[in-house]
Structure formats: structure tokens, C-alpha cells
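Engineer: Please find one structure pasted underneath; my questions will follow.
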């Protein structure tokens, strides 16, 4: 029986050289690895993000692919990319989902668990 599953892992980093705290602009990168842990090849078609800062300001971002790619992943294969976002506060979070289509035409969503964006040594 076919299984449709992707595993998502995230690493984040604050970029002080691109940030401007005096203008409340804090820039972060996030590196994501998406691995096909299912039994059927599948292509990542689009993404949807919800980005929230510490003031509870939410921004939603949707679009085709990730960083200009719509990777087709065979079972066991993975794709890694790095992107970024700017917040008005020193901390925030992101979560979302990828929309994928398996080689047999089955459509499915891959949840991206919430992760924290934070300046180093600001969380307790």
C-alpha cells in the first residue's frame, strides 16, 4: 500500500549583519530539509507559511515551489534549501505546509511544524 509522507527538519539563524535593530528590522534565515519518507515519488508543488512576530503580527506567504524549485523526490531522497524572513521584533515563529503531488496523482499536504526565530540568548 502506498504511503505519502515527507519529514521536515528546520535550522534557523539570526543575521545581525543584515538586521537593523534601531529600525526594528530583524533578519533570520531558515534551512529546511524535506525528505520523502513515504513509498511513492512525490513533487513539492507549492508552500504556505504563517509568520508571527512577538507582537502577534501575522503575515501569510504562499507561492509555487521553494526558492525557485519544485523538487521531485523519490522515496528516501531529500532536498535542502535556505530562505529567510524579516521580523519587526527580536522573536517570532513560523509554521505552514507544503502541497505535494505523488507520481500516481494523489495530492497531499505536508505540515511544517512551528519553529522559533529568535536572537541568540534571548529565550529562557
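The values are calculated or read from the model by the stated rules, or taken from the named source; none is laboratory data. Computed from a predicted structure; not experimentally measured. A quick note on method: Cβ atoms are made from the backbone with ideal geometry, for glycine too, and the neighbour counts reach across all protein chains shown.
Engineer: Could you list, in sequence order, all residues of region 4-20 that are loosely packed, with under 12 Cβ neighbours inside 10 Å and either at pLDDT below 95 or in a strand (DSSP E or B) (or both)?
Structural biologist: Result: 20, single match.
Engineer: Among the residues of region 5-29, write down those that are in contact with a strand residue (DSSP E or B) (Cβ under 7 Å, 6 or more places away or on another chain) and closer than 16 Å to residue 78 by Cβ.
Structural biologist: Those that are in contact with a strand residue (DSSP E or B) (Cβ under 7 Å, 6 or more places away or on another chain) and closer than 16 Å to residue 78 by Cβ: 6, 7, 8, 9, 10, 11.
Engineer: Now for a different question. Return yes when residue 27 is assigned to a strand (DSSP E or B) and either under 13 Å from the mean Cα position of the chain (by Cα) or modelled with pLDDT under 95 (or both) and no when it is not.
Structural biologist: no
Engineer: What do you reckon, is residue 77 within 11 Å of the chain's Cα centre (by Cα) and either touching a residue at least 40 places away in the same chain (Cβ under 8 Å) or surrounded by fewer than 15 Cβ atoms within 10 Å (Cβ to Cβ) (or both)?
Structural biologist: No: the conditions fail for residue 77.
Engineer: State the number of residues belonging to region 61-74 that are surrounded by 15 or more Cβ atoms within 10 Å (Cβ to Cβ) and assigned to a strand (DSSP E or B).
Structural biologist: Selection size over region 61-74: 3.
Every residue, every condition in (1) at pLDDT 95 or above; (2) closer than 18 Å to residue 30 by Cα; (3) part of a strand (DSSP E or B); (4) in contact with a helix residue (DSSP H, G or I) (Cβ under 9 Å, 6 or more places away or on another chain), yes or no:
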{"residue": "55", "(1), (2), (3), (4)": "yes, no, no, no"}
{"residue": "82", "(1), (2), (3), (4)": "yes, yes, yes, no"}
{"residue": "97", "(1), (2), (3), (4)": "yes, yes, yes, no"}
{"residue": "108", "(1), (2), (3), (4)": "yes, no, yes, no"}
